[in-house]
Structure formats: C-alpha cells, structure tokens
Amino acid sequence: MSITQQDIDKMYEGNLKFWDEAWKRVTKPHKELPKLPYIHELTRKLKKYQVKKVLDLGCGSGWLSIFISKYGFNVTGIDLSSPAIELAKTWAQEDNANVNFIAGDLLNLPFEKGSFDAIVCNSILEHFRLDQAKILFDKLHNILADKGFFFGCFDAVGTGKGDYFELPDSTHIYTDLMRQGMMLRNYSDQELRELLSGFDILSFDKNNYGSRLVWARKK
Ligand SMILES: C[S@@+](CC[C@H](N)C(=O)[O-])C[C@H]1O[C@@H](n2cnc3c(N)ncnc32)[C@H](O)[C@@H]1O
C-alpha cells in the first residue's frame with residue numbers, strides 16, 4: 001500500500017499530539033540541568049560572539065532558555081506544547097528569569113527576518129522528516145541576523161527498542177504504546193552539513209553518545 005501526502009500529514013499531526021499529551025502528564029518542569037558538558041561552553045561562546053538575542057527551539061519546560069537567560073541574554077523559548085510552555089512560564093516567574101516563552105510549531109515560526117543573534121537547540125531536529133528539516137533550516141536562516149550564530153546538539157537516535165514503521169526518507173513513526181505517534185529520524189553527519197549549507201560551519205564535534213555538537217554562522 002502506498003503512502004499518500006495526506007497520510008504523511010496525518011502522521012505529523014499524530015507526532016504533535018504525542019508531544020502535547022506527553023507534556024500534559026508532566027506536573028513539574030525538568031529543573032535539574034541535564035549532564036550535558038557543552039552547556040557552560042555554550043554561554044561562554046555566546047558571550048564571546050557578543051550575542052544579545054537568543055532563540056531556544058523546542059524549549060520544553062524551559063531548562064536551556066532559563067539557564068541561558070541567567071547569563072544576561074535576551075531569550076525566547078518556543079515549543080509546540082502549551083502545557084510545556086505553561087510549566088516553563090511558571091518556573092521562570094518563580095526563579096525571576098526573564099524569558100519570553102511562546103507556544104508554537106517550529107515549522108510556522110512567528111518571527112521576522114533577522115530577529116535573533118543566535119539560535120540554539122537541543123534534541124529537536126530528530127523529530128522532523130527530512131523535507132521538513134530543509135524548510136526549518138531555511139526559516140532559521142531567515143530569522144537570524146546577518147552573521148548570526150547557530151548551535152545545535154543533534155542526537156544519534158532510532159537504534160533502540162520500539163515498534164515503528166518507516167517512511168521512505170527513513171523517518172520512524174512509533175506505534176508502541178509508550179511513544180505512539182512520535183516521529184524520530186536519525187540525521188547523518190552529511191545531511192546535517194547539507195542542511196547547514198547557508199552557514200559556515202565553525203565546529204562539528206561528536207560526544208561519547210554519538211551526538212553531534214555543531215556551531216555555525218550564517219553566511
Ligand atoms: C526531546 S524533547 C527536547 C526538549 C528540550 N529541548 C530539552 O533539551 O530537554 C523535544 C521537544 O520538542 C518539542 N517539539 C517537537 N516537535 C515540535 C514542533 N514541530 N514545534 C515545536 N516544538 C516541537 C516537544 O514538545 C519537546 O518539548
């Protein structure tokens with residue numbers, strides 16, 4: 001049976017639903033900083049690059065946005081899930097963190113050309129199909145200021161347990177109960193480099209878990 005574009009669109013809706021439902025079950029923001037060795041290096045570099053306005057893509061309940069804001073950057077965090085954004089807003093208020101949290105789909109970013117000096121993201125791209133990732137990177141290029149910076153942590157995913165079926169571009173659509181509807185795609189180094197063709201790649205490192213840590217600058 002061949003898959004139609006309508007089927008694929010429905011799967012994307014299923015993925016959005018998966019995230020929204022997953023966040024609805026969370027009652028407290030994830031306040032503990034993940035053990036990601038790059039995060040201190042991240043703020044150091046943002047300072048070095050004289051960044052002022054930062055966008056955190058797929059911010060979840062806000063840990064990275066709030067962490068960065070503590071270093072004096074003007075931060076906006078966006079996530080499609082309203083429950084996640086509500087958790088993030090409450091946390092920011094309690095913690096006196098000045099972050100602009102917005103609920104929205106990354107494929108429909110509500111920002112004007114050149115709005116940010118830097119865009120950061122942790123474990124996000126893996127939840128988009130390849131055709132969507134291309135659209136996303138065009139948009140990111142557009143909303144970054146001239147010579148703006150991009151930092152992404154791109155995980156190696158899709159090799160663990162779970163039931164799924166695979167789209168022609170190798171995106172997995174999970175069918176097991178825990179992750180029903182979630183989309184996951186493993187991006188190769190080459191694909192990441194191609195997605196960043198509008199940028200100069202400043203560094204491209206791999207950690208012990210196979211995550212790619214990439215700094216790039218808009219050409
Ligand atoms: C693996 S979590 C990572 C969250 C956070 N960046 C972190 O490091 O903990 C993926 C996040 O992406 C969000 N997300 C998935 N698809 C999205 C989309 N199309 N637009 C905006 N956010 C999305 C989910 O709601 C979820 O919070």
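The values are calculated or read from the model by the stated rules, or taken from the named source; none is laboratory data. This one's a predicted model, so the numbers in the text were calculated from it and none came from an experiment. Don't worry about glycine lacking a Cβ; one is built from the backbone with ideal geometry, like all the others, and counts go over all protein chains shown. Only protein heavy atoms, including side chains, enter the accessible area calculation; ligands, DNA and RNA are left aside. Shrake-Rupley method; radii C 1.70, N 1.55, O 1.52, S 1.80 Å.
Measuring nothing but protein heavy atoms, the accessible surface of the chain at 1.4 Å probe radius is 50 percent carbon and sulfur. The residues of the chain present an accessible area of 52 Å² per residue when probed at 1.4 Å with all protein chains retained. Annotation: extensible slack from Glu94 through Asp7 equals 27.1 nm (criterion: 0.36 nm per residue apart, minus Cα-Cα distance).
Stretching Lys161 away from Lys31 to a fully extended chain increases their span by 44.1 nm, per 0.36 nm per residue minus the current alpha-carbon distance.
In this structure Leu87 has an accessible area near 20 Å², from a 1.4 Å probe over the protein heavy atoms. Rounded to the nearest 20 debye, the dipole size of segment 65-170 about its Cα centre is 240 debye, using +1 on the Cβ of Lys and Arg and -1 on the Cβ of Asp and Glu.
Each Lys and Arg Cβ is given +1 and each Asp and Glu Cβ -1; about its Cα centre, the chain then shows a dipole of about 900 debye. Less than 12 Å Cβ to Cβ from Ala103, Lys/Arg counted +1 and Asp/Glu -1: what total charge do the surrounding residues give? Charge balance in the 12 Å sphere: -3.
Take every Cα pair under 8 Å in the chain that's 6+ residues apart, average their separations, divide by the length, and report that relative contact order as a whole percent.
Answer for the chain is 18 percent.
Our summary gives segment 92-207 a relative contact order of 24 percent, counting only alpha carbon pairs under 8 angstrom and 6 or more residues apart. Compare the Cα positions of His40, Gly104, Asn142 along the charge dipole of segment 1-149 (+1 at Cβ of Lys, Arg; -1 at Cβ of Asp, Glu; about the Cα centre) and return the one farthest towards the positive end. Toward the positive end, the furthest listed residue is His40. With springs only between Cα atoms under 10 Å apart, run a GNM on the chain and tell me which of Phe67, Phe150, Phe128 wobbles the most. Highest fluctuation among the options: Phe67. What you get for segment 25-109, charging only the Cβ of Lys and Arg (+1) and of Asp and Glu (-1), is a dipole of about 400 debye around the Cα centre. Annotation: peptides 107-117, 72-82, 134-144, ranked by per-residue average of other Cβ atoms within 10 Å with the highest first, follow the order 72-82, 134-144, 107-117. Under a 5 Å amide H cut-off, with hydrogens placed 1.01 Å from N, Val75 pairs with Val54, Asn100 among residues at least 5 apart or on other chains. If R0 equals 25 Å, the separation of the Cβ atoms of Asn108 and Lys24 corresponds to a calculated FRET efficiency of about 0.70. Stretching Tyr71 away from Asn207 to a fully extended chain increases their span by 46.5 nm, per 0.36 nm per residue minus the current alpha-carbon distance. Looking at segment 1-91, the trypsin sites (Lys or Arg not before Pro) that sit in a DSSP loop and have at most 15 other Cβ atoms within 10 Å of their own Cβ are Arg25, Lys31, Lys35, Lys52, Lys70.
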